[in-house]
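The values are calculated or read from the model by the stated rules, or taken from the named source; none is laboratory data. Predicted model, so just to flag it, every value in this text is computed and none were measured. Positions of Cβ are backbone-derived with ideal geometry, glycine not excepted, and every protein chain shown enters the neighbour counts. Ligands, DNA and RNA are stripped out before the accessible areas are found, and what is left, the full protein with its side chains, is counted by its heavy atoms. Shrake-Rupley method; radii C 1.70, N 1.55, O 1.52, S 1.80 Å.
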Amino acid sequence: MARRTRPKLGQHFLHEKRYLAQIVDLADITPGEDVLEIGVGEGALTRRLLAAGAKVFGIEIDDALIPALKKMEDEHARFHLIHGDALEIDYTALPEKMKLVANLPYQVASAIISQLTEKVEHFPLMVLMVQREVGERLCAGPGVKDYGSLTLWVGYRYQSRLCQVVPPGAFRPPPKVDSAIVHLEARGKPQVEVGDEGLYFRIIQAGFAHRRKTLLNNLKSLNPSELKGKEFFSSKTEAFRNLLERADIDPGRRAETLDAQEFARIARAVESLMGGM
Ligand code: SAM
């Protein structure tokens, strides 16, 4: 009898061979290369990665799957099982450079992507199955509803491409929504040039805090210490209006209409205000 799956752990096992093959093709494995797989499940993708010659470090959280995976580890010299939570494990204990190839558990996919894309020097390439909506968020451009802080966070370090929409029937049990295979390739250099990356991302986060508010109104929520020199203005509104003028951005615009270069102009304007007044 088939084992009961655990929906809370995002257990939708991919069984359609063509999508498994497409993921492995996109990962472009060189024999002997180190690959990290998050959410090994029953090992369908793992076996294909091993067949392509990869050395696979596979993380799986579900105790019930571990005995079968341990057996698989005994049978494959290039498979290393890590029993644990992908959000908690110590990535420094793993090889320095790896491709991340995974059919991610959907409930933690965005968290895993946010966490691991920050380690761009460790993960030059990611090929991921995600919920279609997440795939669209990663690949969106300004002006569309999926565009937001995740797009810009990942886009700063990676070039994202949505390669394939995958219907629910490709999985067992089928999820309620479509999925998508995305390909994230590390950029040679960050998408934009800013002096202080943390500040750039805080501006983006503040900008998107309330989608219906204007950029000016959202930016006012930034910590006042971000704006040394604000005492030269009669109010915080005045300070941010001046700042947006310096960046040549209309304060009445909404964050979703700004591209990465425009957010970077705001960040540089804040930097020059802090440093130059
Ligand atoms: N790779 C398999 C496949 O393609 O069929 C399974 C993919 S399934 C969508 C996701 C897997 O991730 C499940 O086996 C689930 O138990 C595991 N998982 C869920 N949350 C996890 C976490 N935080 N850390 C590690 N594995 C997790």
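Order of 107-117, 7-17, 200-210 by packing, highest average Cβ count within 10 Å first?
200-210, 107-117, 7-17
Hey, what number do you get for the chain at 222 nm if only DSSP H runs of n ≥ 4 count, each worth -39500 (n - 2.57), divided across all residues, to the nearest 500?
-10500 deg cm²/dmol
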Just to confirm the number: angle between the C-alpha axis of helix 17-27 and the first principal axis of the chain, 0 to 90 degrees, nearest 10? 50
Accessible-area composition of segment 127-277, carbon plus sulfur, in percent [1.4 Å probe]: 47
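Please tell me which of these pairs span more than 22 angstrom C-alpha to C-alpha: LYS55/LYS97; LYS17/LYS119; LYS17/LYS176; LYS8/LYS55; LYS55/LYS189; LYS99/LYS119?
With Cα atoms farther than 22 Å apart: LYS17/LYS119; LYS8/LYS55; LYS55/LYS189.
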Cα-based helix-to-principal-axis angle, 236-246 vs the chain, degrees rounded to 10: 80
Highest mean packing first, using Cβ neighbours within 10 angstrom, the peptides 211-220, 163-172, 95-104 sort as 95-104, 211-220, 163-172
Whole-Hz Karplus couplings 3J(HN,Hα) for segment 43-48, θ = phi - 60° and coefficients 6.51, -1.76, 1.60, Gly and Pro as x, run x, 4, 6, 4, 4, 6
Given backbone amide H placed at 1.01 Å from N, residues whose amide H is under 5 Å from that of CYS163, ignoring those fewer than 5 places away on the same chain, are ILE181, VAL182, HIS183
How large is ³J(HN,Hα) for each residue in segment 112-126, as worked out from phi by the Karplus curve 6.51 cos²θ - 1.76 cosθ + 1.60 (θ = phi - 60°), to whole Hz, x for Gly and Pro? 5, 5, 4, 5, 7, 5, 6, 9, 4, 5, 8, 10, x, 9, 10
Going by accessible area, probe 1.4 Å, with all protein chains left in place, what is the ranking of ARG137, ARG78, largest first? ARG78, ARG137
Neighbourhood charge, 11 Å Cβ-Cβ cut-off, centred on VAL144 and excluding it, Lys, Arg +1 and Asp, Glu -1: -1
For the chain, longest principal axis from Cα atoms; helix 197-207 axis from its Cα atoms; angle between them, nearest 10 degrees, is 80
Name the long-range amide H neighbours of LYS55: under 5 Å, sequence gap of 5 or more, or other chain; modelled H, no Pro or chain starts. GLY32, GLU33, ASP34, VAL35
Could you give the length gained on full extension between GLU197 and LYS97, defined as 0.36 nm per residue of separation minus the Cα-Cα distance, in nm? 33.7 nm
How much accessible area per residue does the chain have, in Å², with a 1.4 Å probe? 49
